[in-house]
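The structure under discussion appears below in the form of structure tokens.
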Amino acid sequence: MSKAASPIAPLDLAAERAFLGPALEAAVLSVLRSGRYIQGPEVERFEADFARQSGVAHGVAVSSGTDALILGLRALGVGPGDEVVTSPFSFFASAAAIAWVGATPRLADVDPETALLDAGRAAAAVGPRTRALAPVHLYGQMADMRAFRALADKRGLAVLEDAAQAHGAARDGATPGTLGELAAYSFYPTKNLGAAGEGGLVSTNDAELARKLRELRDHGSPAKYVHTSIGTNARMHAFQGAVLNVKLPHLPAWNARRAALAAQGIAAGVHYPRPIHLHEAARPFGYGPGDFPVAEDLSLRVLCLPVHPFLEDAQGDRVAEAVLTLAEA
Ligand SMILES: *Cc1c(COP(=O)(O)O)cnc(C)c1O
């Protein structure tokens, strides 16, 4: 098969490994030899560096983006009887995390241009039981956090940002975790910053929330054999901290490279093929077809294109040409 016809993958982990070279393997090997496999210095360094790089005071590493959402909700005191407003156009975890802590997801439709939760529509979904807003940042674009902060302040709500797709993002000068009380990140391998396995982090400027999160991820334990609340085991593996420490310094350049490709018109990448409210597991939330027409329409027109930072320029051109040909057909 000629190079021009070879398939272009949505992400290229082999190219990424080749780029990072021996640094990645050395980092993993050093953890193996250290015998410190859970949390420890690599994870602590990652928490501090990630928080600093994303412009917030505290980072609490956890075992996945889903756990970041669940523990974030728990730290905010969200539980049974509460409602949380989020987007129907996201990965299912955005709503499932709310249900998992015993609360009820209230969905509101998205903006047709950006596919992001619309603050005006979210305001209409706020009721007397609403405790928090959970806007989702998609494909590196951030929801209108100034509008969500204003809404939250007006109605006495907390804001948990689903930043699983927003590493290194900013809007109007504000990074995730700045205008919301908490931001939840995922380091699933396909995310802009991916671990070599599962990983997540909650960022915040609130020292008390950070303290609560550290307890919740470790069985409500502020010190060995002391348990002051009911938590879970959501600690990050040292291997993931070490891998993420090697990759983190490259994040700004990788994001810039994705944006260069986006400027060429290649970043039309849109998932999800089915909005959250139309999944079988979402039936208890009480929605049906037609309830969120923008999200439903977007879900029928989804197109996911490769825009990873290791895409060669010639490959990017091929993707762009293919899209243009499709658009003309
Ligand atoms: C990936 C993702 C999650 C879940 O993160 P995991 O690390 O896979 O648990 C949640 N929300 C959004 C928007 C995501 O893209």
Rounded to the nearest 5, the percent of antiparallel DSSP beta bridges in segment 13-249 equals 50 percent
Quick calc of log₁₀ I(q)/I(0), segment 108-192, Debye, one scatterer on every Cα, no solvent, q values 0.22 1/Å, result -1.02
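What's the carbon and sulfur percent of segment 129-178's accessible surface, probe 1.4 angstrom, rounded to a whole number?
Details: 830 of 1820 Å².
That share works out to 46 percent.
Expressed as a whole percentage, what fraction of the accessible surface of segment 190-242 belongs to carbon and sulfur atoms when a 1.4 Å probe is rolled over the protein heavy atoms?
On the way: 1340 of 2500 Å².
So the carbon and sulfur contribution to the accessible surface is 54 percent.
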Which of Ala282, Ala103, Ala210 moves most in a GNM of the chain, Cα contacts under 10 Å?
Ala282
Which whole-number percent gives the relative contact order of segment 13-249, counting Cα pairs below 8 Å spaced six or more residues apart?
26 percent
What does the accessible area per residue of the chain come to in Å², with a 1.4 Å probe and no ligands, DNA or RNA counted?
46 Å²
What is the local net charge at Gly127, summed over the other residues whose Cβ is closer than 13 Å to its Cβ (Lys, Arg +1; Asp, Glu -1)?
+2
Ranked by GNM mean-square fluctuation in the chain (Cα springs under 10 Å), the top entry among Ala170, Ala143, Ala124 is Ala124
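Sum -39500 (n - 2.57) across every DSSP H segment of at least 4 residues in the chain, then divide by the residue count to get the 222 nm mean residue ellipticity, nearest 500. Show your work: numbers first, answer last.
Working: 12 runs with 129 residues, N = 329.
-12000 deg cm²/dmol, from helical runs alone.
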Would you mind calculating the relative contact order of segment 1-147 from Cα pairs under 8 angstrom and at least 6 residues apart, reporting the percent as a whole number?
17 percent
Ratio of alpha-carbon Rg to the 2.2 N^0.38 Å globular estimate for the chain, to two decimals, please.
1.01
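What's the ranking of 45-51, 72-78, 157-163, 35-41 by average number of surrounding C-beta atoms within 10 Å, highest first?
Peptide ranking by packing, descending: 157-163, 72-78, 45-51, 35-41.
Let me check I've understood the local charge: for Asp291, count other residues with C-beta under 15 angstrom from its C-beta, Lys and Arg +1, Asp and Glu -1. What total comes out?
Net local charge, Asp291 excluded: 0.
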Would you pull out the residues with amide H under 5 Å of Tyr188's amide H, same chain only if 5 or more places away, H placed 1.01 Å from N?
Gly65, Ala195, Gly199
What list of ³J(HN,Hα) couplings, whole Hz, do you get for segment 60-67 from phi and the Karplus terms 6.51, -1.76, 1.60, once you set θ to phi - 60° and write x for glycine and proline?
10, 6, 9, 8, 6, x, 4, 5
Under 19 Å from a point placed 7 Å out from the Cα of Arg45 along the Cα-to-Cβ direction: which residues of segment 218-256 have their backbone N that close?
236-252
Using alpha-carbon positions, what is the distance between the centroids of segment 188-223 and segment 270-290, in Å?
28 Å
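The values are calculated or read from the model by the stated rules, or taken from the named source; none is laboratory data. Note that the structure is a prediction, hence the values are computed from the model and not measured. Note: ideal-geometry Cβ built from the backbone for every residue, glycine included; neighbour counts use all protein chains shown. To get the accessible areas, we keep the full protein, side chains included, count just its heavy atoms, and leave off ligands, DNA and RNA. Shrake-Rupley method; radii C 1.70, N 1.55, O 1.52, S 1.80 Å.
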